[in-house]
Every structure is written in structure tokens, then in C-alpha cells.
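Have a look at the structure below before the remarks.
The values are calculated or read from the model by the stated rules, or taken from the named source; none is laboratory data. Treat the numbers as computed from the prediction; the structure is a model and nothing was measured. Virtual Cβ from ideal backbone geometry, glycine too; neighbours counted across all protein chains shown.
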Amino acid sequence: MYYSYDSSFHTKLTPGTPSVVVFPKSTDDVQKVVRFAYENNISIIPRGAGTGETGGCVALNGGIVLDLSTWDEIVEVDASNMQVIVRPGIVHAVLNEQLSAYNLFFPPDPGSSKMCTVGGMVANNASG
């Protein structure tokens, strides 16, 4: 199962299985999932593209995988202040491709740039 592992060696040996996978497309969707999980004492496991090597996006004992990979829009580019607001599922390389129109770029340069998400980079402290 795709959600049973990430790029880490550990999850290849000991995969986990979530109870359910959800694909939020808005802040409201995320709030509803978090509220439901809280009220029912269910763990939430956020996930980007699953390219991390820490096992952090893998459910060990059930739980809700919050797959953010499809919530991938650029909300705002403020070129004069060199800032961008994005949703967590945007892929690093796609972000930089879009920012190039403003003569900007997001400086971290991970080897997984063509597939890793900005949300996953933040979750793994892989964004500088």
C-alpha cells in the first residue's frame, strides 16, 4: 500500500497502515478532519509526497493520513517583498518554475526537488 512507507529504510522493514486517507482541499477540510480526530482520539499523520527519509508521514497504528499532496496552489506572490504564500502540496520544482516569472526562487535545493512538496520540506526541516 502506497501509504505504508516513505523513502526511509525503516518503513521498508516495518511498514504501517493507516485507517483512512483523506485529501483536503481547503482549510475548512483540514479543520473538519482535525476536529473529528480530536473528538474520537484518532491520530493524524500529515503527508506530502512521501519522499522524506524519517518515517514521519507513515501511520504506525492506524490513524488518519492527511494527504496534502493535491492541495498544491500558489495563493499569492508578493514579488516586491520576495514572499510567496503556497498550499502545502505544491512541489518544490513547480514552485520555482512559477516563481521564475517574477525573477524569484525558493532557495533550498533538495535532490528530490521534482517530487517533494513544500509542506513536506517544512515538516522535515528541509527548507533552510
Would you pick out the residues in the range 1-40 that are surrounded by 12 or more Cβ atoms within 10 Å (Cβ to Cβ) and of a type in the set (Asp, Glu)? ASP6, ASP29
Take the range 108-128 and flag every residue that is in a loop (DSSP other than H, G, I, E, B), touching a residue at least 12 places away in the same chain (Cβ under 8 Å) and within 25 Å of PHE23 (Cβ to Cβ). PRO110, SER112, SER113, LYS114, MET115, CYS116, ASN124, ALA126, SER127
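State which residue is farthest from ASN124 (Cα to Cα) when the search covers only the range 74-99 and only residues that are under 22 Å from the mean Cα position of the chain (by Cα) and small (Gly, Ala, Ser). Outline the logic, then answer.
Going through the range 74-99, the residues under 22 Å from the mean Cα position of the chain (by Cα) turn out to be 74-77, 83-99.
Subsequent filtering for residues that are small (Gly, Ala, Ser) retains 89, 93.
Values: GLY89: 14, ALA93: 17 Å.
Result: ALA93.
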Between a first residue in the range 8-37 that is at pLDDT 90 or above and a second residue that is surrounded by fewer than 16 Cβ atoms within 10 Å (Cβ to Cβ), which pairs have beta carbons less than 6 Å apart while being 6 or more apart in sequence or on different chains? SER19/GLY62; PHE23/THR70
Report whether or not VAL77 is at pLDDT 95 or above and surrounded by 14 or more Cβ atoms within 10 Å (Cβ to Cβ). yes
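Hey, among the residues in the range 54-74 that are assigned to a strand (DSSP E or B) and free of Cβ contacts under 8 Å to residues at least 60 places away in the same chain, which one's surrounded by the most Cβ atoms within 10 Å (Cβ to Cβ)? Steps first, please.
To start, the set of residues in the range 54-74 that are assigned to a strand (DSSP E or B) comprises 64-67, 74.
So of that shortlist, the ones also free of Cβ contacts under 8 Å to residues at least 60 places away in the same chain come out as 64, 66, 74.
Values: ILE64: 21, LEU66: 24, ILE74: 14.
Ranking the qualifying residues of the range 54-74, first place goes to LEU66.
Looking at THR51, is it crowded, with 21+ Cβ neighbours inside 10 Å, modelled with pLDDT under 95, under 15 Å from VAL122 (Cβ atoms) and not aromatic (Phe, Trp, Tyr)? If you could, list the steps in order and put the result at the bottom.
Values: crowded, with 21+ Cβ neighbours inside 10 Å: yes; modelled with pLDDT under 95: yes; under 15 Å from VAL122 (Cβ atoms): yes; not aromatic (Phe, Trp, Tyr): yes.
Criteria met by THR51.
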Taking the range 85-107 on its own, how many of its residues are surrounded by 20 or more Cβ atoms within 10 Å (Cβ to Cβ) and in a strand (DSSP E or B)? 2
